[in-house]
Each structure stands twice: as structure tokens, then as C-alpha cells.
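The values are calculated or read from the model by the stated rules, or taken from the named source; none is laboratory data. Note that this is a predicted model, so its numbers are computed, not measured. Ideal geometry is used to build each Cβ from the backbone, glycine not excepted, and the neighbour counts take in all protein chains shown. To get the accessible areas, we keep the full protein, side chains included, count just its heavy atoms, and leave off ligands, DNA and RNA. Shrake-Rupley method; radii C 1.70, N 1.55, O 1.52, S 1.80 Å.
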Amino acid sequence: MELFRGASILVTGGAGFIGSHLVDRLVGLGAKVRVLDNLSTGKKENLRDSWHQIDLVEGDIREIEACRAAVSGVTHVFHEAALGSVPRSMEHPDVTLDVNVRGTANVFTACRDAGVKRVVYASSSSVYGDSEKLPKKEGEEGRPLSPYALSKVMNEQLADVFGRCYGVEFIGLRYFNVYGPRQDPEGPYAAVVPRFCKAAAAGEPLLIYGDGDQSRDFTYVSDAVEANILAMTAGLTATGRVYNIAPGNRTTVKDLANVVLRAFGSSAGIRHESPRPGDIRHSQADSSAAREFLGFRASRDLASGIEALVPRSDREPLDMPPPVSSSPP
């Protein structure tokens, strides 16, 4: 990992869930890390372990000058900043597209102008849309089913155009249902794993939208981070492409709920509500391209990943820093 030792690296969205884990990993590899985050969904406490070794720039990717300032002097960029959640995008499509598309165009433009060598950016399994083929394979995408999915399709198109027109190296990572410590369980747009864990810990029934037979390919956050590291160090033949990042397994939401209930020792059970618009029915990754070009293999299975999120009397949840104030520790 000599690339990172002493290198100047920017992580957009670095105070967020995946971004903060990536920041910690980069700091551990000896990189000089700058974080660009507007803290709308990211949190300073997510960066507690790396706070004194990073440069945090509070700014919005929708502002081109903020992007230019953040990119100045860096050689490699991880673009994680985005407004996530399919349900949120169904309710607020304008904001989702503004952040994810215009913001990404700003980041890519700033990278071009600053002479950044390579950009690794976050895409999403949602780009497969209404395609019913399983497992999902790059090049077999369907029509987007939500504004969020559309924004990620457009991000991939932006990377393709910028790569061909301006010579910047781009690699996109299509995350499949990433979960782990620091993932926010609060609010109407929370992802399913932290919602389930919060309910189980409180002894409340786990809420499933629909019948629970919909399936997902759940990816532990450390595997997503490792995919980013591999992508940034991969050879030139890996660039100009997008890759599925997932274990390649399929678990129903109902089975996930039972895994969580067992791990937390909860007998609260499950309750159902109507399906949410924009949600895909089934998702499972073919990760063979990521194995071939990046050397990626997921290392954490679902049961052990959920177990790592269970609070213990003799330890804190894996990698979870204790709460801190909104000011630097």
C-alpha cells in the first residue's frame, strides 16, 4: 500500500457512514487525508478516531468553489458524498438530483482542473432498476425505479464522459446494501439493518415493508472500504469501469429480521406494512469482475456482521466510538 503512504487524499462525504470508515483506513495506511463534508448527514463524532490526523473542510459539493478548495493539492479522490435513500428521493427528487448529480459534476470538474490522477466513486446496486436478471451483472442494467437510482446512473455516465474527454482515471463501485457500525438508525429514511438492530435492542417488533420475501445482498462496511482501497491501487486495465461490491449472496428481509432477533436475543417478532414505492424486489451481485480486476472478495458473512453490532457489557459495538460533542474532541 505504498501509494497511500504520505499521499494527499480527499474523501468527500468522509464524515458519513462509509466515508468515515474509509478515512480511518487511509489514516492507518499513512495517508494525509482531507475530508469534505457539509455534515447534513455525516457527523463529526464518526471521525473521532482520526480527528487529529485529518483536515476537515465543512462545505457542500453543490458549491463548485468548495470542491475546488478541497481538491487543491490532492492527488487521489474518493467520492462518497451523496444524499442516500430511495424513499427520500421519492419524496424529494429535486434535492436528491441536485446533490448527487450536480454535486458530482462539481467534484469531477474540480478534479479535472486540479490534475487529480484517479477518482474512485460510490455508485449503487439501485442502477439495476427493473431488471429481473439474477445475479446482477455489469452491463445488464434495467430502467431506474427511483430518482436516487437515476442519480447513480447519471454519476456513472458523468464518470465515463469525464474519463474519455479529460483523461482522469475513474473507477465506480456499485455498493450492495452496506451495513455496519455508525450507520444511522434514526428517521424515516434509515436503512433496514440499523432499523432492525435498534428495534431489537429496544424489544420492539421489527418493521418490514411488504411481505418480507424481497431479498438483498448485504455487504459489511469493512468490505466496502477494502474495495475502495483495491480500486485506488488497481492497474490501468481496471479503470473506466464500474464494479459490483458485495458477497454475492441473497438473503430475504424476513430472514435478515430473524438473524437480528436471534443475535439480540429478542422475542419481539415482526410486523408488516405496505411495500414502499421505488424499492426493487430482489438483488444479488455477480462480483466476478471485481474479483478479476480489483482482487476483491468479501470477508464478512451476514451472521457475524450482525453479531458485531450487538452491544456487549464487556465491549462497545465494533468500531463504534463513544458519543462526543459537536465540537472537535
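Please list, in chain and number order, the residues 5+ apart from GLN284 or on another chain whose amide H is under 5 Å from its amide H, with Hs placed from the backbone.
Amide H neighbours of GLN284, under 5 Å, 5+ apart: LYS136.
Under 16 Å from a label point 7 Å along Cα→Cβ of ARG297: give me every residue in the stretch 229-271 with its amide N that close.
230, 246-249
What shape does the stretch 83-161 take by its C-alpha gyration tensor, where a ≥ b ≥ c are the square roots of the eigenvalues and a/c under 1.5 counts as rounded, a/b above b/c as prolate, and the rest as oblate?
oblate
Which of LYS133/LYS198; LYS117/LYS152; LYS44/LYS133; LYS117/LYS198; LYS44/LYS152 have a Cα-Cα distance over 31 Å?
Numbers: LYS133/LYS198 33 Å; LYS117/LYS152 22 Å; LYS44/LYS133 40 Å; LYS117/LYS198 41 Å; LYS44/LYS152 26 Å.
As for pairs spanning more than 31 Å Cα to Cα, those are LYS133/LYS198; LYS44/LYS133; LYS117/LYS198.
Need the full-extension length gain, GLU307 to LEU236, defined as separation in residues times 0.36 nm minus the C-alpha distance. One decimal, nm. Let's see the in-between values first.
Details: separation 71, 0.36 × 71 = 25.56 nm, distance 3.79 nm.
Between GLU307 and LEU236, full extension yields an extra 21.8 nm.
Sequence-distant or interchain residues sharing an amide H contact under 5 Å with ARG174, placed H: which?
Here SER123, TYR243, ASN244, ILE245 satisfy the definition.
Hey, with R₀ at 35 Å, roughly what FRET efficiency would ARG102 and LEU207 work out to, going by the Cβ-Cβ distance, to 0.05?
Details: r = 33 Å, r/R0 = 0.96.
Taking R0 as 35 Å, the efficiency between ARG102 and LEU207 is 0.55.
Starting at the first residue of the stretch 37-44, write each ³J(HN,Hα) from the Karplus equation 6.51 cos²θ - 1.76 cosθ + 1.60 with θ = phi - 60°, in whole Hz, x for Gly and Pro.
Result, ordered by residue: 7, 8, 6, 6, 10, x, 9, 4 Hz.
Subtracting the Cα-Cα distance from 0.36 nm times the residue separation, let me have the gained length for ASP255 to GLU132 in nm, one decimal. Before the final figure, lay out each step's value.
Working: separation 123, 0.36 × 123 = 44.28 nm, distance 2.09 nm.
Gain in length upon complete extension: 42.2 nm.
Which residue, ARG312, ARG182, ARG118, tops the fluctuation ranking in a GNM of the chain built on C-alpha contacts under 10 Å?
ARG312
Go through 243-249, 129-135 and give me the packing order, highest mean Cβ count within 10 Å leading. Intermediate results must be reported in sequence, preceding the final value.
Details: 243-249: 24.6, 129-135: 14.3.
Highest-to-lowest ranking by the protection proxy: 243-249, 129-135.
When DSSP beta bridges are limited to those with both residues in the chain, what percentage is antiparallel, rounded to the nearest 5?
Numbers: 3 of 41 bridges.
Restricted to the chain, the bridges split so that about 5 percent are antiparallel.
Sort the following peptides by mean Cβ neighbour count (other Cβ atoms within 10 Å, averaged over residues), highest first: 161-171, 285-295. Numbers along the way, then the final one.
Values: 161-171: 16.5, 285-295: 19.8.
By packing density, highest mean first, the sequence is 285-295, 161-171.
Taking a temperature of 37 °C and a viscosity of 0.692 mPa s, what whole-number D in µm²/s does Stokes-Einstein yield for the stretch 128-257 with Rh from Kirkwood over alpha carbon pairs? It would help to have the intermediate numbers written out before the result.
Working: Rh = 16.7 Å.
In µm²/s, the coefficient is 197.
Give, in nm to one decimal, the length gained when the segment between ASP60 and VAL161 is fully stretched (0.36 nm per residue of separation minus the Cα-Cα distance).
Working: separation 101, 0.36 × 101 = 36.36 nm, distance 2.31 nm.
Going from the current span to full extension adds 34.1 nm.
Residue by residue through the stretch 165-180, what is 3J(HN,Hα) from phi via Karplus (6.51 cos²θ - 1.76 cosθ + 1.60, θ = phi - 60°)? Round to whole Hz and write x for glycine and proline.
Result, rounded to whole Hz: 7, 10, x, 6, 7, 10, 9, x, 10, 8, 6, 10, 6, 6, 9, x.
Suppose every K and R has +1 on its Cβ and every D and E has -1 on its Cβ; what is the size of the dipole of the chain about the Cα centre, in Debye to the nearest 20? Working shown, then result.
Numbers: 37 positive and 41 negative charges, 76 e Å.
Dipole size: approximately 360 debye.
Can you find, among PHE176, TYR166, LEU150, the residue sitting farthest towards the positive end of the charge dipole of the stretch 146-236, where Lys and Arg contribute +1 and Asp and Glu -1 at Cβ?
Highest projection toward the positive end goes to TYR166.
With each label point set 7 Å from Cα along the Cα-Cβ vector, what nm distance links GLU2 and SER274?
6.1 nm
Ranking request for peptides 10-17, 136-143: highest mean number of other beta-carbon atoms within 10 Å first, then the rest in descending order.
Descending mean neighbour count gives 10-17, 136-143.
Ignoring ligands, DNA and RNA, what percent of the 1.4 Å accessible area of the stretch 103-188 is carbon and sulfur?
Working: 1670 of 3330 Å².
The nonpolar share, carbon plus sulfur, comes to 50 percent.
Report, by chain and number, residues whose modeled amide H sits under 5 Å from the one on HIS272, excluding near sequence neighbours (fewer than 5 apart, same chain).
The list, which skips near neighbours in sequence, is ILE208.
Output wanted: per-residue J couplings in Hz (rounded whole) for the stretch 256-271, from phi through Karplus 6.51 cos²θ - 1.76 cosθ + 1.60, θ = phi - 60°, x for Gly and Pro.
Values, residue by residue: 4, 4, 5, 4, 5, 4, 5, 4, 8, x, 9, 10, 5, x, 10, 10 Hz.
For the stretch 203-299, what does the accessible surface come to per residue with a 1.4 Å probe? Please give it in Å².
Values: 4160 Å² over 97 residues.
Per residue, the stretch 203-299 has 43 Å² of solvent-accessible surface.
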